[in-house]
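Novice: Sharing a structure below in structure tokens format, with a few things to ask.
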Amino acid sequence: METITSIKPLLAVLVSLLITPLLISSKAPNVRETWTFVAAAVKFLIVLSMLPTVLKGTEIVYTIAEVVPGVAIKFRVDALGMLFALVASSLWIITSAYSIGYMRGLKEHSQTRYFCFFALALSATIGVAFSANLLTLYLFYEMLSFATYPLVTHHQDREARSSGRKYLLYIVGTSIGLVLPAMLISYNLTGTLEFGKQGFLAGAGASKPLIGLLLVMLVFGFAKAAIMPLHSWLPAAMVAPTPVSALLHAVAVVKVGVFSVVRVLTGVFGTDLLLSFNFGTAIILVASVTILVGSFVALSQDGLKRLLAFSTIAQLSYIVLGVGLLSPKGMTGGMVHIAMHAFGKITLFFCAGAIFVATGKKNISEMVGIGRRMPVTMTAFFIASLSIIGMPPCGGFISKWYLVLGSLEAHQMPVLFVLLTSSLLNAAYFMPFVYKAFFCVPKEAMFENTVQEAPPFCVVPLVITALISIVLLFYPQPFLRLASMMVQGITGV
Amino acid sequence: MSDLISIIVANYNYWIYITLMMIGLYAMIAKNNLVKKIVGMNIFQTAIILFYVSIGVKKGATIPILQHGHGHGAHTVVHAVDYVNPLPHVLMLTAIVVGVATLGVALALAIRVYDRYNTLEEDELLAQIREK
Amino acid sequence: MIWPIDLAILTLVVIVGIGALMVKDLLGAAILFGAYSFMMCLLWTVMGAVDVAFTEASVGAGVSTVFFVGAVFRTSRRTKD
Amino acid sequence: MSHNYPALIVVVPLLSALVISVAGWVNKRLCFPIAFAALAVAAYSSVGLLFRVLDEGVIVYKLGGWDPPMGIAYYVDHLNGLVLTVVSVVALLNLIASKKSIEEEFPEKTGPFYTLYILMVTGLLGIVVTGDAFNLYVLLEIAALTGYGLLAMGEERAPLASLNYLYMGTIGACFYLLGVGYLYIVTGSLNMVDIAGILPSLYQSKAVLAAFIICMVGVWLKMAFFPLHAWLPNAYTYAPSAASSLIAPLVTKVMIYVMIRLILTVFTPEFSFNVLAVSDAIVWLAVIAVVMGAILALAERNNLKKMLTYIIVAEVGYMVGGAWLGNRTGMTGAILHIVNDALMTLCVFLVVGNIVYKVKGAGFDDLKGLFRKMPFTMGAFVVGAISMIGVPPTCGFFSKWYLISGAIQAGHYGFMVALLFSSLVNVVLFFRVFEICYYEPFSDHHGHGHDHHPEPMDEAPLSMLVPLYVVGAILVLVGLYTGDIVDQIIQFAIPKGLV
Amino acid sequence: MKITGLIVTILVGGLLIYAAADFPAWSDPNSPASTYLSPHFIEKTMEETSVPNIVTAVLADYRSFDTMFETTVIFSAGVAVFILLRTFRRKEPEARHYRHVLTGVTMRIKEGKLPPSDDFERIDTLWTPPDLIIKTVCRLLIPFIQIFGLYVIAHGHHSPGGGFQGGVILGASIIVLAISHNLRTVVKRMSEKLDAVLCAVGVLIYAGTGALCLLLGLNFMDYSALASVLFVDPIMARSHGILIVEIGVGIAVMCTMVWIYSNVSSRGRYEQGL
């Protein structure tokens, strides 16, 4: 594999970090938001400019400093990282636009702080995507945890405080309590933390119990992946403003968690090691339980955002499940699902936010007939939910298809069952809502029969993401290609 | 006989220094009155000085001032065995000074404490602090 | 060095030291502490440490005691132990 | 002049302290510039010295021109070159930062205050640079006496706390002196290197054993190692902020340096780790120290400064444990943590200084809404707190990394767990503070936060903020350059014999 | 607390007694302490520094650096006591105690109400009737004490004594004055400012001598560098250097003792001593 050295990854990370002083110092909101857009666009362009290089099979590396012998703070842009960075940076632009609409629509306080920490969180996300070793990943992972805290607790009321506590307890507690020691133990075993094609732990000759222990610590340690039983911070974090929830649960936080888990499974342990110790099954088991339980819980939720949160918990485990299958198709499916789920879920959150901005309603039971009042929003919602369920004409279908193929390839029939059941459950919690939104008898309807959408800054982004969800079915190329390149690199198939 | 006695004296010397030190240490920890603690602190320090001075003692030697030292040219051969070890004395001069300096600061602090609480007894001080 | 004197002074030092800590009057303690310092000074003279003894005589028995007395005057003589 | 750096580093502050004392009686405004110049020279020469050591190796400076075992000599090697730099830089930054508060709190006593301040720094620098065991004692007393004076100038409980510190500190210093006496009685020498040369034939001597124990206990008392820590929290809490932000970062750290110097140079690692089989027990003591420090900090629910002092107690446990793990990695971690902890502690104490300057108190009640009121100060606080917690890329993470690595290599998982536990507790502690500062008093109107009127911004003056931000930047830079610091400096500070 | 104290004491004492077993025999001329460094000091002092009192030579030359810091310790104690205790009173007290010298009547007179007569003498609150014997004896003794102090400083090369002891004696003479008369008498002769400045100057003489050696091109405190300034040979220069620093120590110690005493005995008010 060729590598070239370039400062671009560092720039991509720094853009949004360096923008914060400008954000703080800008007096007028319009200037501030212009800067946000500039940063988002620049970041996206930098990421995009690296895409051709990566697609050619070349990796881009950049080392900042070697902090511990054998371990540096280092960036490496490979296919998987590129995939994630593309998703995150492109969605930041859209989320920024949506944030403006949402925050201004609700006249929220402390908007400067909000945009600053949003930018910081994006820096950390791109950092995670491009990190070349576990230490760098850990660095940006923690940075993300701290940068999102003020976002989650934006309202600064009692509820925000208790949710914030829960958020930190789960996220930081696990990363310091589990990831850090695991990282140190593996460093002392091998002397390196660099993600390898087949994992750096593979050659260490560690015993099965030790590897198992490390696996548990690392998989559960990245609690942002919300694998049960460490999932309950996610519904709690729903107190945040909706763009934050959208960013958290579609792009940044949870995806970073699940991306880290994928990185750990492929780059730290390696598929061969996991296969030889037969740990794949255990991962599948955990993921399956999370999928099913998450979906069932989602069924019983009334709060729209809480429903989406549990849906996210379930969907994230698809990704873990895919990689846990350890078969090429399954892993491809898991990785592509990062992108597909991102576009789908962010649309859903945008819709929830738009409804809140326009009507002030948060619960499903209060939204009967809303389709008549906000047809665009609800259509987008419908498309996105199709994507989440995994039905054509949406991108979600591709990832689910690959997951199914992967489970067949790995001869894991129970997984097929899990996938099927959860798709049914997905349908079961989304469809009645969508149905009632559009087709209710007039006396049930809770809204007047006039079209009154949210501000355009809210609606346009969600339309765009919904459209992208559809486009991705027909043109999944950059993501699918990147995922299969990554898998090819790992397995050689 | 005189050997035996000198051994006893020798050991006695070390024991006394340890005893004094322990008296001082005990007073510093267990005494209730702040000034008493300071007295204990000084006894503790002097005990250490006693120990150091004991190191320097040499049988059959005299004080460390050269006898025929007046004038520049009056060189006579000086034998080390004739004079006690001067180094511990030097060190202990410093230690005494440190002792009196510490004493001064400690007393100043005690006066400040007394100004505030009107007592020097530790239990009464603690009671006053707890009341607040 | 004359050992009976040495022994006697050593014993006396301990007694005076304990006395300084036991006496239930801080002024008394200060004076006894001066006596203690003076005993020490004698002891060191006996050991040949004339400079140290000189210093202790002027500092320990002299100035330190005055400091103690001054401080006791400015606070209180009362002590419970 | 670079030949004389080792002397200058101590003599320039000393002379200027005397000049300040005189100047204080003439014109108070002269004091600060002189103090600043002195510490700047000290910082400059310590950095120069460090670079010379990197080039040439150990520098020996004979004071009075007498050869080492006779006279006193300064030995500057990689270890104390590093610590010197830290001490002088921390003192300089703190001096700049606390100018305002000193002048406000002690309008009539600025001269003596600066005198004591500079004398204290002189003492600390001297402790670090000296190669003579007895000279170290004298300097220890300078640092201690000035410290008692400075600490007692604070709130009304300060004199009592300081007096308790004085008792404990004197016992500690006397124990150290006694230990040196025991070494002297069996070796006849006071020079550290010289003692180390004579000791190997005496490893089995009871007197050496006793000297070792007594010295260690003395040093532990001075650094507030757990069961001997009782004096520290009150003494630092009630002190004036200028004094506590000088003393809290430096004194305990310098004492750790003394301990490491004793282990490495005087008693040699061979004796400390192999002949005495006590390192395991001491690491367990350190484990207790770390855990208890963390728990005590958790139990403190009134005062930010007091909470921080308990964290210092825990941090002392880190370093003692790291040094006693008996391997190279652990020792590296301990030395690195001296640097990092000094800077971190400075950062958080400067923040407390700013808060006290503006809000007139560091109780948890005083902190409400501070993120809005003093956003820049609190921003620096976040950096310091993150470093204390141990999050990369701040330096606190990397020393913790080495400490835990050392624990793993030594097979001492108890210490590892203790370190992780204390990191987690630090998360809780600091986020408890952040919460108080972040959430303003809740209004009854349950909803978004835009309906109450927050206090307007009221930041500390620029002269306090700039040093704070310099420290914050240093925290990150030291973190990023950890690799270089370890490769170029600390590696050479540890004798080859220690694996 | 008592039990803790007892346990600690017993533990430490036990350790010390245990260790004492390995000490070299008491007053053994062959103990390491007596054979390693001290022979050099005893035998070479005269030819290297030309000072017969070995303790002085080692104190102020071989280990002069220690002694410089010893003086600094005293100085910092002085400053610490000052900063701790000194309180500057902004407004004068309303009334003071005066004694009519001729009649011996003591009275409290409000500020500004003092009759313009020389017969009134200001006295302390803790005033006791003057004891003629004490006052006279002290007045007579003080000059002799001071001369003795100066002698001790100057003759430290040849006999026990030196800057420190002499300084303490000089300081004590002034303290005696303060006790026998009152603090104001002392302050009249030596103001607080002078006292404080002299403290620093004393140490400055010491450290400055060392720094002068440094400026003259040799190491810090290497008095032989002074040879070119004093026009003597390097060894004699050491002897003179020792004298200079001893004078510095003397001044510093004297003033610091007075400073500490004044602050402690007047609780920092500088009005009434003992």
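The values are calculated or read from the model by the stated rules, or taken from the named source; none is laboratory data. Note that the structure is a prediction, hence the values are computed from the model and not measured. Virtual Cβ from ideal backbone geometry, glycine too; neighbours counted across all protein chains shown.
Novice: Only one of D:Gly111, D:Gly149 is closer than 26 Å to E:Val201 by Cα, in a helix (DSSP H, G or I) and in contact with a Lys or Arg (Cβ under 7 Å, 6 or more places away or on another chain). Can you tell me which?
Specialist: D:Gly111
Novice: Identify all residues within the range E:3-29 that are loosely packed, with under 13 Cβ neighbours inside 10 Å, more than 7 Å from chain B (Cβ to nearest Cβ) and modelled with pLDDT of 80 or more; write none if there are none.
Specialist: E:Ile3, E:Ile7, E:Ile10, E:Leu11, E:Gly14
Novice: Would you pick out the residues in the range E:202-234 that are hydroxyl-bearing (Ser, Thr, Tyr), without any contact (Cβ under 8 Å) to a residue 24 or more places away in the chain and surrounded by 20 or more Cβ atoms within 10 Å (Cβ to Cβ)?
Specialist: Correct list: E:Ser224 only.
Novice: Could you list, in sequence order, all residues of the range A:437-456 that are buried (at least 20 other Cβ atoms within 10 Å of the Cβ) and assigned to a helix (DSSP H, G or I)?
Specialist: Once the filter is applied, which keeps residues that are buried (at least 20 other Cβ atoms within 10 Å of the Cβ) and assigned to a helix (DSSP H, G or I), the range A:437-456 yields only A:Ala437.
Novice: On to the next question. Can you pull out the helices (runs of 4 or more DSSP H) entirely within the range A:201-274 that have at least 1 residues that are among the hydroxyl-bearing types (Ser, Thr, Tyr)?
Specialist: A:242-246, A:253-263
Novice: Could you go through the range E:115-133 and let me know if any residue there is part of a helix (DSSP H, G or I) and either in contact with a strand residue (DSSP E or B) (Cβ under 9 Å, 6 or more places away or on another chain) or more than 10 Å from every other protein chain (Cβ to nearest Cβ) (or both).
Specialist: yes
Residue by residue, here is whether (1) of a type outside the set (Phe, Trp, Tyr); (2) farther than 22 Å from E:Met221 by Cα; (3) touching a residue at least 40 places away in the same chain (Cβ under 8 Å) holds:
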residue	(1), (2), (3)
D:Val12	yes, no, no
D:Val19	yes, no, no
D:Gly24	yes, yes, yes
D:Cys31	yes, yes, yes
D:Ala35	yes, yes, yes
D:Ala38	yes, no, yes
D:Val53	yes, yes, no
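Novice: Confirm whether E:Pro39 is surrounded by fewer than 24 Cβ atoms within 10 Å (Cβ to Cβ), facing chain B (nearest Cβ under 8 Å), modelled with pLDDT under 85 and outside any loop (DSSP other than H, G, I, E, B).
Specialist: Spelling it out, E:Pro39 is indeed surrounded by fewer than 24 Cβ atoms within 10 Å (Cβ to Cβ), facing chain B (nearest Cβ under 8 Å), modelled with pLDDT under 85 and outside any loop (DSSP other than H, G, I, E, B).
Novice: Taking A:Ser90 and the conditions (1) more than 23 Å from the chain's Cα centre (by Cα); (2) in a helix (DSSP H, G or I), which numbered condition does it fall short on, given that it satisfies the others?
Specialist: All conditions are met except number (1).
Residues checked against (1) in contact (Cβ under 8 Å) with a residue 40 or more places away in the chain; (2) within 12 Å of chain E (Cβ to nearest Cβ); (3) of a type outside the set (Lys, Arg):
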site	(1), (2), (3)
D:Glu155	yes, no, yes
D:Tyr165	yes, no, yes
D:Ile171	yes, yes, yes
D:Gly179	no, yes, yes
D:Leu183	yes, yes, yes
D:Thr187	no, yes, yes
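To keep it simple, each residue is scored yes or no on (1) within 19 Å of A:Asp78 (Cβ to Cβ); (2) modelled with pLDDT of 85 or more; (3) in contact with a helix residue (DSSP H, G or I) (Cβ under 8 Å, 6 or more places away or on another chain).
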residue: A:Met228; (1), (2), (3): no, no, yes
residue: A:Ser232; (1), (2), (3): no, no, yes
residue: A:Ala237; (1), (2), (3): no, no, yes
residue: A:Leu248; (1), (2), (3): no, no, yes
residue: A:Gly270; (1), (2), (3): yes, no, yes
residue: A:Ala287; (1), (2), (3): no, yes, yes
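Novice: Specify the residue that is farthest from the other protein chains (Cβ to nearest Cβ); the eligible residues are those in the range B:38-48 that are under 23 Å from C:Val23 (Cβ atoms) and free of Cβ contacts under 8 Å to residues at least 60 places away in the same chain.
Specialist: B:Ala47
Novice: If you check every pair at least six apart or on different chains, which have Cβ atoms under 6 Å apart with a residue in the range B:105-128 that is farther than 18 Å from E:Tyr261 by Cα and more than 9 Å from chain D (Cβ to nearest Cβ) first and a residue that is of a type outside the set (A, V, I, L, M) and assigned to a helix (DSSP H, G or I) second?
Specialist: B:Leu120/B:Tyr114; B:Gln128/B:Tyr117
Novice: Kindly indicate whether E:Asp119 is of a type in the set (Asp, Glu), touching a residue at least 24 places away in the same chain (Cβ under 8 Å) and over 25 Å from E:Val152 (Cβ atoms).
Specialist: Answer is no for this residue.
Novice: From A:Leu416, A:Leu403, grab the single residue that is free of Cβ contacts under 8 Å to residues at least 24 places away in the same chain, in contact with a helix residue (DSSP H, G or I) (Cβ under 9 Å, 6 or more places away or on another chain) and assigned to a helix (DSSP H, G or I).
Specialist: Just one listed residue meets the conditions, A:Leu416.
Novice: On the basis of being closer than 16 Å to A:Ala384 by Cβ and either touching a residue at least 12 places away in the same chain (Cβ under 8 Å) or of a type in the set (D, E, K, R) (or both), does A:Ala445 make the cut?
Specialist: Criteria not met by A:Ala445.
Novice: Hey, D:Pro69 hits all of (1) surrounded by fewer than 17 Cβ atoms within 10 Å (Cβ to Cβ); (2) over 25 Å from E:Asp195 (Cα atoms); (3) within 10 Å of chain E (Cβ to nearest Cβ) but one; which does it fall short on?
Specialist: Against the list (1) surrounded by fewer than 17 Cβ atoms within 10 Å (Cβ to Cβ); (2) over 25 Å from E:Asp195 (Cα atoms); (3) within 10 Å of chain E (Cβ to nearest Cβ), D:Pro69 comes up short only on (1).
Novice: B:His68 passes all but one of (1) more than 26 Å from D:Ile72 (Cα to Cα); (2) modelled with pLDDT of 90 or more; which number fails?
Specialist: If we test B:His68 against (1) more than 26 Å from D:Ile72 (Cα to Cα); (2) modelled with pLDDT of 90 or more, just (2) comes out false.
Novice: Looking at C:Thr75, C:Thr11, C:Thr45, C:Thr65 in this structure, which one is surrounded by fewer than 23 Cβ atoms within 10 Å (Cβ to Cβ), modelled with pLDDT of 90 or more and not aliphatic (A, V, I, L, M)?
Specialist: C:Thr65
Novice: Moving on to the next point. For the range E:185-201, indicate whether the set of residues that are within 13 Å of chain C (Cβ to nearest Cβ), of a type in the set (Gly, Ala, Ser), under 27 Å from E:Ser76 (Cβ atoms) and surrounded by 20 or more Cβ atoms within 10 Å (Cβ to Cβ) is non-empty.
Specialist: no
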